[in-house]
Number of protein chains: 2
Amino acid sequence: MRRISESTISRLSLYYRTLETLQRENVTTISSGELARSNKFTPAQVRKDLSFFGSFGTRGLGYPVSELKDKIASILGLCKTWNVALVGVGNVGSALVSYKEFQRQGFIIKKIFDNDLRKIGKNHKGILVSDVKNLNMELKENKIEMVIIAVPSSEAQKVVDEVVGAGVRTILNFATTNLKVPENVVLRSVNMAMELEHLSYALANQKR
Amino acid sequence: MRRISESTISRLSLYYRTLETLQRENVTTISSGELARSNKFTPAQVRKDLSFFGSFGTRGLGYPVSELKDKIASILGLCKTWNVALVGVGNVGSALVSYKEFQRQGFIIKKIFDNDLRKIGKNHKGILVSDVKNLNMELKENKIEMVIIAVPSSEAQKVVDEVVGAGVRTILNFATTNLKVPENVVLRSVNMAMELEHLSYALANQKR
């Protein structure tokens, strides 16, 4: 299969959400122009992204909403549920456990880990908090496919190494440090300050 | 000034962090190859991104770390502090108030707003929670330049409209809904589920 870029994946996720909304509103077809407008992309960009699915859609009529949504879901792996584990139930981790859209998109948090004795063995929003010491064993036992890391930066590499050692191939990282993983592991990092840097860029470079 | 793309801005934020680390380690020059390797980009990509700063760096020697870092800081608006307000102190909002890298990068949360009477007037991690009813007035009074929105999706558009009405031009949104802003406002949305979709894409399309 042709490899698609990270920014294309992000745009597909946005198209998917637009198509979901359209489906709820009983809209059956959408043009690349409309799909572009609702996401502030150019129609050419949308057509290029969707050309990934081969010749598809009808000139003048556009794309069938339901079929396009299903194709994108299939590419993004949204046709099944995924077993997710969270390591670190601090402020960020705790927010993620309550994040409703995870469940809705099929990302099921099955296990939570922490190293805080006051948290281990307790129920956190319906999920038992396990001792991070048992990470390797429990990731394997629970067939965890993705791990979200929300531990302090100083502990993040150690946790990543254990997660990789347990055979997990995809990691979402919230620690603000540079982490090393083998070639065959996908590590994606979320840094809230970097998100704000898009705004400060805009303000620092705005037309006056 | 030449406009740079969102993905270039994200890469500049990453280079900035690499350069910070190098500076702490007293490294004085770096090649595009090294900068590429530590961020898993191609050297050609790095050279293209840095060509933004004009002819710069010495062939064979690379770029001067400190100067390159300062140039990127200037582009990203990191040479000054920014007045930030947060609307919504639920799980996500609460995590953001404690996010140390904001302060470090110059993003200072000056005001917090909520509509919950149990929170209003109380101190939240050192910042007084204001009534969201006074949003317009207090954003203006405190010269707020960026607003982070972490309210439930159903309330997000209403808050965005008020923020825009108060003259704020940049918004970081954590609500999982499509929000409308005027052309001259920069709205950036963070959706954690979309981050996980990069991982599910990788798993759904991995070589078997």
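The values are calculated or read from the model by the stated rules, or taken from the named source; none is laboratory data. All figures in this text were calculated on a predicted structure; none of them were measured in a lab. Heads up, the Cβs are rebuilt from the backbone with ideal geometry, glycines too, and the neighbour counts pull from every protein chain shown.
Worth pointing out:
- Taken together, the residues in the stretch B:175-185 that are within 9 Å of another protein chain (Cβ to nearest Cβ) and at pLDDT 95 or above amount to 0.
- Residue check for A:A36: buried (at least 18 other Cβ atoms within 10 Å of the Cβ) and touching a Ser or Thr at 6+ places or on another chain (Cβ under 7 Å): yes
- Answer residue from the stretch A:75-92, given it is more than 24 Å from A:L14 (Cα to Cα) and more than 7 Å from every other protein chain (Cβ to nearest Cβ) and is modelled with the lowest pLDDT among those: A:G90
- Residue check, A:E197 of a type outside the set (V, I, T), within 10 Å of another protein chain (Cβ to nearest Cβ) and out of contact with any Asp or Glu (no Cβ under 8 Å at 6 or more places or on another chain): yes
- The stretch A:1-37: number of residues that are away from chain B (no Cβ under 12 Å) and closer than 24 Å to B:S5 by Cβ: 5
Conditions (1) touching a residue at least 24 places away in the same chain (Cβ under 8 Å); (2) closer than 19 Å to A:E197 by Cβ; (3) in contact with a helix residue (DSSP H, G or I) (Cβ under 8 Å, 6 or more places away or on another chain), marked per residue:
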residue: B:L22; (1), (2), (3): yes, yes, yes
residue: B:T29; (1), (2), (3): yes, no, yes
residue: B:I75; (1), (2), (3): yes, yes, yes
residue: B:L78; (1), (2), (3): yes, yes, yes
residue: B:V84; (1), (2), (3): yes, yes, yes
residue: B:A95; (1), (2), (3): no, yes, yes
residue: B:Y99; (1), (2), (3): no, yes, yes
residue: B:Q103; (1), (2), (3): no, yes, no
